[in-house]
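The values are calculated or read from the model by the stated rules, or taken from the named source; none is laboratory data. Nothing here was measured: the structure is a model prediction, and the numbers come from that model. Every residue, glycine as well, gets a Cβ built from its backbone with ideal geometry; the counts of neighbours run over all protein chains shown.
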Amino acid sequence: MSTAAIAALALAGCSGEADSDPDGEGTNDNPLCAAAGASGSDVESLDVSGEAGDDVPESLDLAEPLDPADFERAVVTEGEGTQLAEGDFFSYAITAYDAETGEQVGQAGYEDGEVQPQQISASTVLGQVFGCATVGTRIVTVYPASTDESGQETSAQVQVVDVLSTPEKAAWGEDQEPVDGMPAVTLADDGEPSIEIPDGMEIPETTQVETMKLGDGAEVLDGDSVYVQYKGVKASDGEEFDSSWSRDALSTFPTTGVVEGFQKALVGQTVGSQVVAVIPKEEGYHQDGGEDHELYDEDLVFVVDIVDVFHPATPAAE
């Protein structure tokens, strides 16, 4: 099985009741705790050990072949990192085994860039699999055999999944010298920016980008998916029109899925960086016949914190 297939399999549908106290933590107002799948005799019969990121065996030593009727989940090792919360993005690794033979059928996520970070919610299958686990947790799950709408059959499987990391909520790079004439940015304790437009600020003909913090992470390439915090204001009056901070959640999108000026603010930057971009309307929403857009005639200012990036796999040459 390919790594792409095994990564997708982790998001396949589950069934079974949630465990009201999956991690033994008693009352918890985190909805993910109640969303976690319940344990059961099949998953409890497995001898799985280790911590998140550790090597996993080539095969499982099953006491007897498993033929599970429902999805089951158990925590192998509880990590000491941040607890997952509704809406968080996180990185994970997964290894799958045939539930009848114990033979490994695929794995992904142990190398950088193999699995794209996912956003967790109590209403999705990710909530059932990971629950409110902490970073560093190893979980083992059992999936019953299934048949999808196209008639494709999937054998029953055992999966070992590790919670590897969650992105930072704000840029952490080294402070850089300010650039004259650019908007002034003040950061709150949690990193949320306030933007002050200088009197008479000159709007450039093409997007001007200032690096406020220089990160030490991977470079953002054209076509990558980025994970960011951002705030956008109108250059004309400083009025805010969009902000991930106000939604209390990171945003993710491909660099090719934003206006030209925003793309210029991202490509070539490094993870951990914070940038300010002054975008003339010609490289904002003035493009692509967007006359009906409320920002069509507006020059824009964005402050963007780049906290993670995913490089899509390059198709193999034939």
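The conditions are (1) of a type outside the set (Phe, Trp, Tyr); (2) surrounded by fewer than 21 Cβ atoms within 10 Å (Cβ to Cβ); (3) more than 19 Å from residue 195 (Cβ to Cβ), and residue 236 fails exactly one of them. Which is it?
All conditions are met except number (3).
Within the stretch 221-318, which strands (runs of 3 or more DSSP E) (wholly inside it) include 3 or more residues that are over 20 Å from the mean Cα position of the chain (by Cα)?
Here the list reads 225-234, 240-243, 274-279, 300-310.
How many residues does the stretch 41-56 hold that are of a type outside the set (A, V, I, L, M) and under 27 Å from the mean Cα position of the chain (by Cα)?
Of the residues in the stretch 41-56, 6 are of a type outside the set (A, V, I, L, M) and under 27 Å from the mean Cα position of the chain (by Cα).
For the subset of the stretch 144-165 comprising residues that are acidic (Asp, Glu) and in a loop (DSSP other than H, G, I, E, B), which member is farthest from the chain's Cα centre (by Cα)?
Per the stated criteria, the residue is 149.
List every residue pair whose Cβ atoms lie under 7 Å apart, where the two residues are 6 or more positions apart in sequence or sit on different chains, the first residue falls within the stretch 46-58 and is assigned by TED's automatic domain parsing to the domain that holds residue 160 and without any contact (Cβ under 8 Å) to a residue 24 or more places away in the chain, and the second residue, located anywhere, is part of a loop (DSSP other than H, G, I, E, B) and exposed (fewer than 13 other Cβ atoms within 10 Å of the Cβ).
From residues that are assigned by TED's automatic domain parsing to the domain that holds residue 160 and without any contact (Cβ under 8 Å) to a residue 24 or more places away in the chain, the pairs are 47/61.
If you go through the stretch 166-204 one residue at a time, how many are touching a residue at least 60 places away in the same chain (Cβ under 8 Å), of a type in the set (A, V, I, L, M) and outside any loop (DSSP other than H, G, I, E, B)?
So the count comes out to 2.
Among the numbered conditions (1) surrounded by 20 or more Cβ atoms within 10 Å (Cβ to Cβ); (2) out of contact with any strand residue (DSSP E or B) (no Cβ under 8 Å at 6 or more places or on another chain); (3) among the aliphatic types (A, V, I, L, M), tell me where residue 62 comes up short.
Checking residue 62 against (1) surrounded by 20 or more Cβ atoms within 10 Å (Cβ to Cβ); (2) out of contact with any strand residue (DSSP E or B) (no Cβ under 8 Å at 6 or more places or on another chain); (3) among the aliphatic types (A, V, I, L, M), the one that fails is (1).
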